[in-house]
Amino acid sequence: MDKAIAEVASFTVTLMIRRFDPEVDQEPKWVDYDVEMFGTDRVLDALHKIKWEIDGSLTFRRSCAHGVCGSDAMRINGRNRLACKTLIKDLDISNPIYIEPIKGLPVEKDLIVNMEPFYQAYRDINPFLMASDTPAKERLQSPEDRARYDDTTKCILCAACTTSCPVFWTDGQYFGPAAIVNAHRFIFDSRDEGAQVRIDILNDKEGVWRCRTTFNCTEACPRGIEVTKAIAEVKQAILRGRP
Amino acid sequence: MAVIIETPNSPRTRKQANWEKYGWLFMRVSGPLLIVLIFTHLVVNLVVGDGIKAIDFAFVAGKWADPFWQVWDMAMLWLALIHGTNGMRTIVNDYVEKETLRKGLVTTLWAVGGLLILLGTLVIFTFDPCPAGAAAELLPSFCPAN
Ligand code: HEM
Ligand code: SF4
Ligand code: FES
């Protein structure tokens with residue numbers, strides 16, 4: 001067993017991190033770090049190593065470290081990923097690995113952005129079950145009805161999709177893919193009665209019609225949600241006037 | 001500390017009604033129509049018969065003497081200009097942040113688009129290859145005055 005662990009290859013990798021300290025810097029700047037990593041390590045492990053052993057001022061969010069909480073979405077080599085789900089060996093380690101904050105939201109410090117506009121769009125679509133009755137027991141649903149919106153239940157609100165969207169980059173008012181995904185989760189839920197309300201909300205100037213089907217969101221989603229498809233289904237629901 | 005949630009079930013106040021849905025639909029309806037209109041137009045003008053050599057003043061005059069091609073060209077003109085202008089409006093909405101500038105650009109777009117549609121339609125339906133009273137040397141050979 002020990003031998004097997006010892007056999008995991010180690011290598012030196014350069015990380016170029018986009019750093020910004022609002023108390024000192026006018027502009028963000030690239031800072032490079034060389035770290036010795038193993039084939040089993042993820043980008044998050046490299047960030048930890050830098051923070052814990054090289055420069056404690058490096059600032060980033062993470063909580064679960066296992067792809068559940070959605071707090072460590074960042075732009076790694078130009079693509080939005082979770083640092084905790086990206087193995088370093090899967091990247092091109094013959095070149096530096098570029099790490100930036102996700103785009104389109106105000107940078108607060110280093111890799112931390114202000115998520116408030118993102119959460120506001122989420123709140124605006126009423127992300128909760130809207131039902132008029134007060135049932136004495138659970139609301140039943142057939143497996144088929146449950147399957148209808150299964151994909152969009154997987155969202156962890158990491159913002160990888162919304163901040164990969166070129167429409168969101170230039171127009172911060174756009175609701176963005178994540179809000180639409182979470183609206184989809186309720187619009188197509190047979191137990192929910194708020195579909196019309198959400199359809200009305202997303203038929204906004206800054207709603208689903210801003211989407212240009214670039215598929216960046218689908219590509220970015222660490223949960224493998226077919227985000228662009230969900231947006232298209234919401235567009236269809238708005239055209240029909242019902243789910 | 002009690003957390004007060006403000007009536008989460010009340011629908012968000014509606015923003016201004018808008019035409020985005022119809023704009024989106026129009027792009028998807030006009031697109032396929034334009035494929036048929038434009039490619040037929042190109043084939044008829046440039047490929048069939050004598051091909052590109054056939055195009056001259058008389059060729060155009062001949063087409064616009066036929067109500068079929070008048071309607072065809074009008075459809076192409078209207079659809080392409082509304083489609084193109086609406087597409088440019090989308091791009092302006094994407095990139096322009098200052099509201100006054102955005103409004104100004106969008107208004108300019110529709111003004112120019114509208115003017116081109118108006119002039120184009122006027123030409124298609126009032127086109128007269130042999131206007132009465134024009135100097136004979138300016139008229140094409142097929143005019144009766146010659
Ligand atoms: C030949 C057939 C054509 C098809 C099938 C077509 C289709 C489309 C569609 C579906 C869109 C919407 C894209 C989106 O919202 O994601 C679009 C956008 C656009 N179209 Fe066309 N179109 C055609 C011809 C034209 C012509 C002739 C013009 C110029 C007069 C034009 C200019 C534009 C512009 C400026 C946009 C906006 C681009 C953008 O949204 O970024 N298209 N087209
Ligand atoms: S849809 Fe995917 S990428 Fe978008 S916020 Fe949810 S989990 Fe993240
Ligand atoms: S730290 Fe929780 S998802 Fe990566």
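The values are calculated or read from the model by the stated rules, or taken from the named source; none is laboratory data. For clarity, every value in this text was computed on a predicted model and none was experimentally measured. Quick reminder, even Gly has a Cβ in these numbers, built from the backbone with ideal geometry, and neighbours come from all protein chains shown. All accessible areas refer to the heavy atoms of the entire protein, side chains included, with ligands and DNA or RNA removed. Shrake-Rupley method; radii C 1.70, N 1.55, O 1.52, S 1.80 Å.
Data overview
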quantity: Cα lying deepest toward the dipole's positive end in chain A, options A:VAL35, A:THR163, A:PRO177, charges on Cβ; calculated: A:PRO177
quantity: A:THR14, A:THR40, reordered so the largest accessible area comes first (probe 1.4 Å); calculated: A:THR40, A:THR14
quantity: The stretch A:21-75: GluC sites (Glu not before Pro) falling in loop per DSSP and having at most 12 other Cβ within 10 Å; calculated: A:GLU23
quantity: Accessible-area value, A:SER132, 1.4 Å probe, nucleic acids and ligands omitted, Å²; calculated: 100
quantity: Solvent-accessible ranking of B:TRP72, A:TRP169, largest area first, probe 1.4 Å; calculated: A:TRP169, B:TRP72
quantity: Magnitude of the charge dipole, the protein assembly as shown, Cβ model with Lys/Arg +1 and Asp/Glu -1, debye to 20; calculated: 840
quantity: Efficiency of FRET from Cβ geometry, A:LEU87 and A:ASP34, R₀ 22 Å, rounded to 0.05; calculated: 0.75
quantity: Principal-axis tilt of helix A:177-187 within chain A, Cα atoms, nearest 10 degrees; calculated: 40
quantity: Translational diffusion coefficient (Stokes-Einstein; Kirkwood radius from C-alpha pairs) of the stretch A:71-132 at 20 °C, 1.002 mPa s, in µm²/s; calculated: 155
quantity: Violating pairs (Cα-Cα greater than 32 angstrom) within the set A:LYS89/A:LYS205; A:LYS103/B:LYS21; A:LYS137/A:LYS235; A:LYS154/B:LYS98; A:LYS49/B:LYS98; A:LYS103/B:LYS103; calculated: A:LYS89/A:LYS205; A:LYS137/A:LYS235; A:LYS154/B:LYS98; A:LYS49/B:LYS98
quantity: Value of relative contact order over chain A, rounded to a whole percent, pairs C-alpha under 8 Å and six or more apart; calculated: 17
quantity: In nm, spacing of pseudo-spin labels at A:VAL68 and A:LYS103 (7 Å Cα→C-beta vector); calculated: 3.2
quantity: Rounded to whole Å, sorted largest first: equivalent-ellipsoid semi-axes of the stretch A:105-147, Cα gyration tensor; calculated: 37, 14, 9
quantity: Dimensionless Rg/Rh of the stretch A:53-180 - Kirkwood Rh, Rg from C-alpha atoms; calculated: 1.06
quantity: Gaussian network model of chain A, Cα within-10 Å springs - most flexible of A:LYS103, A:LYS154, A:LYS137; calculated: A:LYS137
quantity: Calculated FRET value between B:PHE68 and B:LYS21, using beta carbons and R₀ = 41 Å, to 0.05; calculated: 0.80
quantity: Intensity falloff of the stretch B:42-146 expressed as log10 I(q)/I(0), Debye formula with alpha-carbon point scatterers, at q = 0.18, 0.19, 0.25 Å⁻¹; calculated: -0.94, -0.99, -1.26
quantity: Cα centroid of the stretch B:50-119 to Cα centroid of the stretch A:62-92, whole Å; calculated: 47
quantity: Rg followed by Dmax, in Å, when the stretch B:69-128 is reduced to its Cα trace; calculated: 14.0, 47
quantity: Extension reserve of the B:ALA136-B:LEU118 stretch, reckoned as 0.36 nm per residue once the Cα distance is removed; calculated: 3.5 nm
quantity: Förster radius 51 Å - calculated FRET efficiency between A:THR134 and B:ASN45 (Cβ-Cβ, nearest 0.05); calculated: 0.15
quantity: Additional length obtainable on full extension of the chain from B:VAL60 to B:VAL106, 0.36 nm per residue less Cα span; calculated: 13.2 nm
quantity: Inter-part distance where the stretch A:192-241 and the stretch A:138-188 are each reduced to a Cα centre, Å; calculated: 7
quantity: Bins of 10 Å from zero: percent of alpha-carbon pairs in the stretch B:38-89; calculated: 23, 46, 24, 7
quantity: Proximal aspartates and glutamates to A:LYS85, defined as alpha-carbon separation beneath 13 angstrom and excluding residues fewer than eight positions away on the same chain; calculated: A:ASP41, A:ASP45, A:ASP72
quantity: Spin-label pair A:VAL8/A:SER94, simplified geometry with 7 Å Cα→Cβ offset, distance in nm; calculated: 2.5
quantity: Whole-Å semi-axes of the ellipsoid equivalent to the stretch A:1-125 (Cα gyration tensor, √5λ, descending); calculated: 27, 18, 12
quantity: For the stretch A:42-99: rounded, prolate or oblate by the Cα gyration tensor [a/c cutoff 1.5]; calculated: oblate
quantity: Heavy atoms of B:TYR95 accessible to a 1.4 Å probe, total area in Å² rounded to 10; calculated: 150
quantity: For chain B, built as a Gaussian network whose Cα springs stay under 10 Å, the top-fluctuating residue of B:VAL106, B:VAL92, B:VAL48; calculated: B:VAL48
quantity: Heavy-atom SASA rank of B:THR90, A:THR163 (probe 1.4 Å, accessible area, largest first); calculated: B:THR90, A:THR163
quantity: Heavy atoms of B:MET76: accessible area, 1.4 Å probe, square angstrom to 10; calculated: 30
quantity: For the protein assembly as shown, radius of gyration divided by Kirkwood radius, i.e. Rg to Rh on alpha-carbons; calculated: 1.13
quantity: Between 0 and 90°, nearest 10: helix B:67-95 axis offset from chain B longest Cα axis; calculated: 30
